[in-house]
Structure formats: C-alpha cells, structure tokens
Amino acid sequence: MRIVCPFCGERELGEFTYLGDAKPQRPAADAGEDAVYDYVYLRDNVAGVMSEHWYHGGGCRSWLKITRNTLTHEISSVEPAAGVGAAKVGV
Amino acid sequence: MAEFSWSSHSPLEHALATGVHGLRGTEAGVSLTEIRNFDLIQVMARRGKWAELARAAKTRFEVAAPDGPNAVQAKDATLIWSGPDQFLVLSKDGNHAMNTLAPAFSGLASLSDQSHARALISISGAKARSMLAKLSSLDLHPAVFPVGAAAATSIDHTSATLWRGGDQPDGQAVFNLLVFATFAESLWHTMLDAGAEYGIDIRYSEELA
C-alpha cells in the first residue's frame with residue numbers, strides 16, 4: 001500500500017503510522033462521563049469507506065486525514081489534518 | 001560556576017576509514033564523503049507567520065525559501081525543505097548560525113540548532129543511485145528527482161533528509177543526506193554493505209558540496 005502525502009508525494013506505507021477513526025469529536029467539558037467514555041473507547045468497526053488519521057512520521061511529520069475503504073484499501077482522498085503546518089491553522 | 005570545554009567530534013569518526021571499501025581493481029562506483037563542521041538550523045514558522053517568514057528569508061538569502069520538497073541554493077547557504085512551513089538552513093563559517101538567524105527571524109519562526117545533531121553525507125559516483133535504491137523506496141531517477149529535489153523520508157527505517165545538490169563537473173549526480181547523529185554510524189555501515197559490490201571511495205571533507 002502506498003499513500004500520496006499532500007506535502008511529500010507518493011510514499012510507502014512504512015513511513016506512516018495509523019491512528020484510527022477520524023470521526024470522533026472531543027465532547028464539551030460538561031458533556032458528562034458517558035460522552036467522554038464513548039469518545040475515548042468506543043469505535044465503529046467499519047467495513048467499507050472510513051475516515052482515518054494517519055501520521056507521516058517517517059517523512060514530513062504531518063498528520064493526515066485519509067478516506068480509505070477498509071475492504072479494498074482503496075484510498076479516495078488524502079488531506080492535511082486540521083492545523084497541519086503553521087500557515088494552515090484551522091483548516 | 002563549572003567551566004566547560006566543548007570539543008566537537010564527528011559522529012562518524014569511529015566508523016569512517018578513508019580509502020576504498022569493497023570492490024577493488026576498478027574505479028569505485030560510489031563515493032561517500034562525510035562533510036564536517038557545518039551550521040544547520042531548523043526554521044519553523046510560527047502560527048500564521050509563513051508568508052512573513054518567507055519574505056524575511058527572501059531578504060536574507062536572496063532566494064525564495066522552499067515551500068515544497070525542494071532544496072534551494074543561496075549564495076552562502078542551502079535551504080532544504082523539511083516539512084510544511086519549515087526548512088533547514090545549511091551553511092559554513094557562522095554566516096547563518098543561530099546567533100545571526102535568531103534576530104533575523106525573531107517573532108516569525110522557532111529556531112533549533114541542529115549543527116551537532118546531524119551527520120551530513122555526500123553520495124556520488126556512477127553507482128550512487130544503484131546503492132541508494134537498495135535502501136530507499138524513493139524513485140531517484142533524474143526525471144523524477146532532478147537537481148534541487150528534496151525529500152523528508154526514511155532510509156533503512158531511519159529518518160533522513162535527502163536532496164540532490166548540483167551535479168559534479170563530469171555531470172554525475174550528487175545526493176546529500178542528513179541523518180540523526182546517533183543513527184549515522186548504523187546507516188553508514190548499511191551504506192557500506194549496500195555499496196561494497198560497486199567499490200566505495202571513502203573520504204571526509206570540511207567543504208560543503
């Protein structure tokens with residue numbers, strides 16, 4: 001498997017580290033214990049297209065948001081995760 | 001107050017033996033030259049300051065700072081891309097050392113002195129690309145990796161900055177490699193193994209290629 005880093009270009013899988021599902025959003029401070037538990041521990045086991053965070057640690061050290069089909073490994077989009085690079089705050 | 005006396009040593013001084021390694025009796029296919037005593041500063045733009053930093057860099061170096069995987073040659077420095085909104089400044093003789101760069105980029109960038117944290121190895125020769133092909137998954141063909149191309153990558157599981165410098169007078173490509181000092185010896189031995197079949201001419205130099 002190869003990933004096209006938006007900054008570096010096409011690179012081998014060994015340069016990347018997988019974090020996991022990019023969907024969970026940190027709950028508000030007063031959201032309660034159940035919401036925090038869900039956010040920290042509960043994950044869907046998606047068979048199909050899924051949004052994921054990957055880290056290009058063996059390259060430009062950027063976090064990436066990747067849309068990947070877990071059945072075929074087809075990658076349909078790769079974009080910088082929010083806040084990557086000083087010029088891209090909040091993207 | 002304690003007095004300190006610092007003397008810098010090459011991270012490769014125990015591993016590097018000048019002369020020929022591997023195949024003999026023919027012209028060495030690979031040339032490995034360690035470059036010693038350089039200044040290397042990591043420059044990372046502060047939040048929202050890349051455009052301003054790029055302008056300040058243009059003023060100082062009279063060339064545009066790399067905004068993608070490239071290495072740019074200035075009059076007395078090389079600017080090497082190392083990730084989004086950051087680059088390395090490689091120079092000699094204190095022209096662009098920490099004490100002069102810090103005021104130039106004050107408020108625009110965070111600087112980190114890497115001069116003694118990396119080893120710099122220059123790789124050339126007719127078989128340089130064949131040797132590197134054993135260790136790197138990058139396509140280093142001139143059509144894809146021309147003069148001035150740079151990459152933040154991993155070589156033999158070790159993070160490295162690789163870029164193509166200006167060609168030698170005979171037209172041969174020169175690949176420059178920055179590697180963490182503590183990994184340099186390991187990668188050096190790996191390169192010796194990879195290049196032994198071509199013959200390796202080993203040197204060190206005080207001059208930037």
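Here is how the numbers come out for the structure above:
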{"quantity": "Residues of region B:72-91 satisfying the condition of being away from every other protein chain (no Cβ under 14 Å) and either assigned to a strand (DSSP E or B) or of a type outside the set (A, V, I, L, M) (or both)", "calculated": "B:72, B:73, B:75, B:76, B:77, B:78, B:79, B:89, B:90, B:91"}
{"quantity": "Filter result for residue B:102 (buried (at least 22 other Cβ atoms within 10 Å of the Cβ), among the small types (Gly, Ala, Ser), assigned by TED's automatic domain parsing to the domain that holds residue B:49 and closer than 28 Å to residue B:52 by Cβ)", "calculated": "no"}
{"quantity": "Qualifying residue in region B:7-30 (condition: buried (at least 18 other Cβ atoms within 10 Å of the Cβ), more than 14 Å from chain A (Cβ to nearest Cβ) and either of a type in the set (Val, Ile, Thr) or without any contact (Cβ under 8 Å) to a residue 60 or more places away in the chain (or both))", "calculated": "yes"}
{"quantity": "Scan of region B:105-119 for residues that are assigned to a strand (DSSP E or B) and surrounded by 20 or more Cβ atoms within 10 Å (Cβ to Cβ), ordered by number", "calculated": "B:109, B:118, B:119"}
{"quantity": "Extreme residue, farthest from the other protein chains (Cβ to nearest Cβ), among residues of region A:8-27 that are loosely packed, with under 14 Cβ neighbours inside 10 Å and in contact with a Gly (Cβ under 9 Å, 6 or more places away or on another chain)", "calculated": "A:17"}
{"quantity": "Residue check for residue A:58: assigned to a loop (DSSP other than H, G, I, E, B) and not acidic (Asp, Glu)", "calculated": "yes"}
{"quantity": "Residue in region B:174-192 that is more than 17 Å from the chain's Cα centre (by Cα) and touching a residue at least 60 places away in the same chain (Cβ under 8 Å) present", "calculated": "yes"}
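The values are calculated or read from the model by the stated rules, or taken from the named source; none is laboratory data. Treat the numbers as computed from the prediction; the structure is a model and nothing was measured. Backbone-built Cβ (ideal geometry, glycine too); neighbour counts: all protein chains shown.
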